[in-house]
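Report on the following structure.
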Amino acid sequence: MQQTAFIGQAATRRRLLGGALMAGGALAVPGLVRGQVLGTPSLVPMRLSPDQLVDMKCCLRPLRAAGPNLGTESVGGKLVVHNYGHGGSGWSLSWGSAEVAVGKALASLPRSVAVVGCGIIGLTSAVVAQRYGLDVTIYARDQIARTRSFRASGSYTPGSRIALVEPAGPQFPDLWEQMARHSWRMFRTMLGLPGEPVRFGDSYAVSDAPIERRTWPADPAITESFATAGLPRQNSEFAHLDSRIADIVPQAVPLPPGENPFGMPYATRSSQMHFNFPAYAAILLDEFFGRGGKFVNRVFHRPGELADLPEDVVIHATGYAARDFWGDRTVIPVRGQTGWLVPQPGVNYSLRYRNVSALSKGDGIVIMNNNPDLGDMLGVGDSMELPNRAPIEEAMATLAAIFARSAGAAA
């Protein structure tokens, strides 16, 4: 079935400098980053004390070895278009994936469609369908703010655990690139809107040793694989596709001493796109209801229940829940955990060091503690959704030491 056309290669890079004067507060050391050399940015230090930690979230990302399910089937005489299984890339691929799914729905010339699921994939699919002139009803247990989508970290990562190389097949990278480029174009139309639903900020990586792009060659000592074990066993099994869109996504560049705002021997900087969940969700919901969309609170237990819906076409977008609802045992849970600090005005950058990171957004500062040696294998097969505070506090302490070190270097 022919898919809807996508945007081409060209795109404009944007970069916003996180800037402001120094601010006080816990761990906001006055000597940090004073711009002693012309061109060095001035950054407001992050307050990383435990009293700033106001939330912990766990998210089960729905990895499918073959990539997102965008297929179709008939259930009770209805056309069902699937749109689930995006791994850690649901937000990032939402517009492009919705374009594919809605394009398949349009092939049957419906006047209305049902969307099952109201996470970011379901809600985006509903809005795209409305823009094509369809009447849309969303059937779901919860609206987006209570879904797993709101437990993500919220940055543009379209290649995050999206598929495994062999099961996805040779045709998947082209489809992924189309979805990633289309989504990037759509996100850029939301820059500068009230509430800043989409925003760029500087992203710094600092290190004690030269920073090099990590690769994941196959380890011959690991003899099992997804084909033999039903789960990936090493990073080389994952599709790593980000290089295909390097022409539109800002890439990290090494910083000379005069542009390094941290007291670390090595640093890189790039411009990172991220999403502010409350503002983003409000814009989509306003458009959905403004176009006459309806939301029906309903829980489905088996596919046959879709036959009761009045619409003849259904877009199925239940994410990880498809594992039980649709009986799709190919959906693999990938556990992720984030800690959330209170928003800190004036802080508009992210920082990574070793295994920890902090991303400042309008809806808070996101703290993560990930083992870099595990790479994409981190959390694979782990369905535990209870948070663990200790790794987040460890990450905060590690990053606080960077700020203290920077203050000492600038003194």
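Filter the stretch 199-217 for residues that are in contact (Cβ under 8 Å) with a residue 24 or more places away in the chain and exposed (fewer than 14 other Cβ atoms within 10 Å of the Cβ); which is farthest from L399 (Cα to Cα)? Among residues in the stretch 199-217 that are in contact (Cβ under 8 Å) with a residue 24 or more places away in the chain and exposed (fewer than 14 other Cβ atoms within 10 Å of the Cβ), the one farthest from L399 (Cα to Cα) is R214.
Just one of the listed residues (L109, L93, L123) is in the same structural domain as R141 (by TED's automatic domain parsing), crowded, with 22+ Cβ neighbours inside 10 Å and closer than 25 Å to E311 by Cα, namely L123. Cβ-Cβ contacts under 6 Å between residues 6 or more apart (or on different chains), taken from a first residue in the stretch 289-307 that is under 20 Å from L134 (Cβ atoms) to a second residue that is open to solvent by less than 60 Å² (accessible area, probe 1.4 Å) and among the hydrophobic types (A, V, I, L, M, F, W, C), are listed as G293/V136; F295/I138; L306/V75; L306/V314.
Is there a residue being at pLDDT below 95 and open to solvent by less than 20 Å² (accessible area, probe 1.4 Å) anywhere in the stretch 264-287? Checking the stretch 264-287: at least one residue is at pLDDT below 95 and open to solvent by less than 20 Å² (accessible area, probe 1.4 Å).
Sort through D247, D242 and tell me the only one that's out of contact with any strand residue (DSSP E or B) (no Cβ under 6 Å at 6 or more places or on another chain), of a type outside the set (G, A, S) and under 30 Å from R329 (Cα atoms). Checking each option against the conditions leaves just D242. When the residues of the stretch 160-188 are filtered to those that are open to solvent by 20 Å² or more (accessible area, probe 1.4 Å) and among the charged types (D, E, K, R), the one that is farthest from the chain's Cα centre (by Cα) is E166. Scanning the stretch 306-346 for residues that are charged (D, E, K, R), over 22 Å from the mean Cα position of the chain (by Cα) and farther than 22 Å from A107 by Cβ returns D308, D324, D328, R329. Assuming P45 fulfils every condition listed in (1) open to solvent by 10 Å² or more (accessible area, probe 1.4 Å); (2) assigned by TED's automatic domain parsing to the domain that holds N348 apart from one, which condition is it? Failed condition: (1). Pick from the stretch 304-322 the residues that are more than 13 Å from G117 (Cβ to Cβ) and not hydrophobic (A, V, I, L, M, F, W, C): which of them is surrounded by the fewest Cβ atoms within 10 Å (Cβ to Cβ)? Applying the filter and picking the extreme gives P310. Do you know which residues across the stretch 218-236 are among the hydrophobic types (A, V, I, L, M, F, W, C) and either surrounded by 15 or more Cβ atoms within 10 Å (Cβ to Cβ) or assigned to a loop (DSSP other than H, G, I, E, B) (or both)? Answer for the stretch 218-236, where residues must be among the hydrophobic types (A, V, I, L, M, F, W, C) and either surrounded by 15 or more Cβ atoms within 10 Å (Cβ to Cβ) or assigned to a loop (DSSP other than H, G, I, E, B) (or both): A218, A221, I222, F226, L231. Identify the residue in the stretch 237-263 that is part of a helix (DSSP H, G or I) and touching a residue at least 24 places away in the same chain (Cβ under 8 Å) and, among all such residues, is most open to solvent (accessible area, probe 1.4 Å). Filtering first and then ranking leaves P257.
The values are calculated or read from the model by the stated rules, or taken from the named source; none is laboratory data. Treat the numbers as computed from the prediction; the structure is a model and nothing was measured. Quick reminder, even Gly has a Cβ in these numbers, built from the backbone with ideal geometry, and neighbours come from all protein chains shown. Each accessible area value is taken on the protein alone, full model and side chains, heavy atoms only, with ligands, DNA and RNA left out. Shrake-Rupley method; radii C 1.70, N 1.55, O 1.52, S 1.80 Å.
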